[in-house]
1. Which residues, taken from the range 141-154, are farther than 22 Å from residue 224 by Cα, outside any loop (DSSP other than H, G, I, E, B) and open to solvent by less than 30 Å² (accessible area, probe 1.4 Å)?
2. Restricting the search to the range 221-248, which residues are over 18 Å from residue 377 (Cα atoms) and open to solvent by 10 Å² or more (accessible area, probe 1.4 Å)?
3. Return the residues of the range 98-140 that are more than 16 Å from the ligand (Cβ to nearest atom), assigned to a helix (DSSP H, G or I) and of a type in the set (A, V, I, L, M); say none if nothing qualifies.
4. Among the residues of the range 371-409, write down those that are open to solvent by less than 20 Å² (accessible area, probe 1.4 Å), away from the ligand (no atom under 16 Å from the Cβ) and not in a loop (DSSP other than H, G, I, E, B).
5. Across the range 287-337, which residue is most open to solvent (accessible area, probe 1.4 Å) among those that are more than 15 Å from the ligand (Cβ to nearest atom) and among the aromatic types (Phe, Trp, Tyr)?
6. Considering 272, 229, which residue is at pLDDT 95 or above, more than 10 Å from the ligand (Cβ to nearest atom), in a strand (DSSP E or B) and closer than 23 Å to residue 325 by Cβ?
7. Can you tell me which residues in the range 232-254 are farther than 18 Å from residue 54 by Cα and part of a helix (DSSP H, G or I)?
8. Answer yes if at least one residue in the range 116-127 is of a type in the set (A, V, I, L, M, F, W, C) and open to solvent by 20 Å² or more (accessible area, probe 1.4 Å), and no otherwise.
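The values are calculated or read from the model by the stated rules, or taken from the named source; none is laboratory data. Here the structure is a predicted model, which means the values were calculated and not measured. Please note: Cβ atoms are built from the backbone with ideal geometry, for glycine as well, and neighbour counts cover all protein chains shown. Just the protein is used for accessible areas: all its heavy atoms, side chains included, with ligands, DNA and RNA removed. Shrake-Rupley method; radii C 1.70, N 1.55, O 1.52, S 1.80 Å.
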Amino acid sequence: MILYSTEHKSPNVSLEEAIFRGLPPDNGLYMPTDIKSLPASFFETIQDRSLPEIAIAVCENLLGDSLSSAEIKQIIEQSMTFEAPIVSLEPGVEVLELFHGPSMAFKDFGARFMAAIMSHYLLKSKREIRILVATSGDTGGAVAQGFYNTPGISVTILYPTGKVSDIQEKQLTTLGGNVTALEIDGTFDDCQRLVKQAFLDDELRSAFDLASANSINISRLIPQSFYYFAAYAQAKKKGLNAPIVFSVPSGNFGNLSAGLMAFKMGLPVQAFVASCNENHPVADYLRSGEYKPVASVETLSNAMDVGSPSNFIRMRLLAGDEWSNVRETVKGYFTNDQKTQQIMSDVYTRTGYVMCPHTAVGYDGLQQYKAEYPGDVTGIVLSTAHYAKFLPTVEGTLGVSVPVPARLAELLDKTKKSIPMGTDFEGFKVYLLQ
Ligand SMILES: *Cc1c(COP(=O)(O)O)cnc(C)c1O
């Protein structure tokens with residue numbers, strides 16, 4: 001895979017360089033120069049393939065010029081160790097459960113693949129790197145779990161004290177080993193500023209090989225395409241033959257961009273639904289052709305509270321660049337908290353299925369799509385997190401107590417280990433250098 005910068009002011013780079021750089025120097029985003037279709041034979045037999053088998057075939061198609069078959073197989077076997085099942089909710093609606101990984105959110109797919117591919121390159125070059133990541137909750141958990149025990153990599157996570165949920169904090173602070181959590185006496189923005197400053201500091205950069213695990217890294221996007229194929233395979237196996245519509249609860253639009261990569265590789269999809277909460281500049285763009293990023297507002301589906309989505313340009317380019325092309329493939333809808341809670345309640349009452357608020361936004365987007373474009377479709381709603389990660393909201397909305405998976409319950413009993421720290425850069429730097 002060769003990658004170019006969307007700003008066109010930096011040179012093309014190899015896969016390895018794109019992964020370790022994260023961002024091109026011109027502040028664009030890295031994009032593959034070429035995404036080839038998979039052969040028809042792949043889709044004819046896809047229903048008999050497992051998620052890792054599908055992932056290997058997709059990687060050979062995308063990355064076959066950068067990695068050998070044996071290397072691809074090893075990276076996939078190391079990282080794709082959990083399932084992404086589709087569950088039938090009601091006629092015409094399937095839920096693609098992406099929360100069976102270690103942190104119980106879909107970001108596990110990206111984080112684990114990124115850790116495996118980075119460690120592949122690091123072992124080859126015998127280098128060691130230090131990952132710095134600021135988190136407001138979900139990303140840090142996935143990165144901590146994804147990089148835990150990965151040779152050649154140590155991880156430092158910065159999180160704002162008192163501003164992440166109990167479960168999220170325990171996910172960051174109970175691993176130990178190569179993962180250290182810094183509890184910053186400030187906001188998420190302070191955490192992000194400290195990380196950015198560290199990357200610009202000459203003394204730190206000569207002391208360590210620093211890398212970021214930011215969500216715009218191309219190695220987090222690639223593995224998210226795998227489960228779109230796997231969902232199609234399962235639908236085919238179940239005999240669901242109506243055209244497929246994926247509804248994607250969206251914030252930074254990495255997940256939806258990954259779906260469009262699968263579409264470019266030939267996955268038969270009628271439409272992608274960009275399902276948004278009250279932060280909806282992309283849904284507005286899809287209606288009007290005008291893109292106006294805004295400041296974010298807080299909602300119950302807080303992992304999607306993004307007013308200026310970092311992957312907007314990737315989504316646009318992957319869907320054909322021109323607005324008229326993009327809106328052929330991607331349909332945008334938005335909803336509010338009240339409707340989100342109503343859906344969580346209604347779905348629970350009718351089917352007994354408990355969904356997290358993000359998934360409910362996705363369900364709502366699919367219903368709005370079906371109302372606007374009547375016809376027989378297989379709707380697949382991406383469930384981006386396990387409901388138990390949002391327990392107070394879920395139990396408050398449903399008015400019942402819901403079971404918590406053993407993995408999360410055990411976490412709550414573990415002892416938190418964090419290093420408290422202020423917001424001044426000098427203190428942070430002294431800590432890193434010691
Ligand atoms: C990150 C996240 C999203 C948004 O995904 P994007 O790729 O940023 O669009 C949705 N739901 C959950 C639970 C998340 O953690």
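1. The one that is farther than 22 Å from residue 224 by Cα, outside any loop (DSSP other than H, G, I, E, B) and open to solvent by less than 30 Å² (accessible area, probe 1.4 Å): 153.
2. So the first thing to find is which residues in the range 221-248 are over 18 Å from residue 377 (Cα atoms), and the list is 221-227.
Answer for the range 221-248, where residues must be over 18 Å from residue 377 (Cα atoms) and open to solvent by 10 Å² or more (accessible area, probe 1.4 Å): just 224.
3. Within the range 98-140, the subset more than 16 Å from the ligand (Cβ to nearest atom) is 115-132.
Filter once more, keeping what is assigned to a helix (DSSP H, G or I): 115-125.
Within the range 98-140, 115, 116, 117, 118, 122, 123 qualify.
4. Residues satisfying the conditions are 378, 379.
5. The extreme case among them is 323.
6. Working: 229 fails: in a strand (DSSP E or B).
Residue meeting the stated conditions: 272.
7. Across the range 232-254, the qualifying residue is only 254.
8. Keep residues of the range 116-127 that are of a type in the set (A, V, I, L, M, F, W, C), which gives 116-118, 122-123.
Applying the additional criterion that residues be open to solvent by 20 Å² or more (accessible area, probe 1.4 Å) yields 123.
Within the range 116-127, one or more residues are of a type in the set (A, V, I, L, M, F, W, C) and open to solvent by 20 Å² or more (accessible area, probe 1.4 Å).
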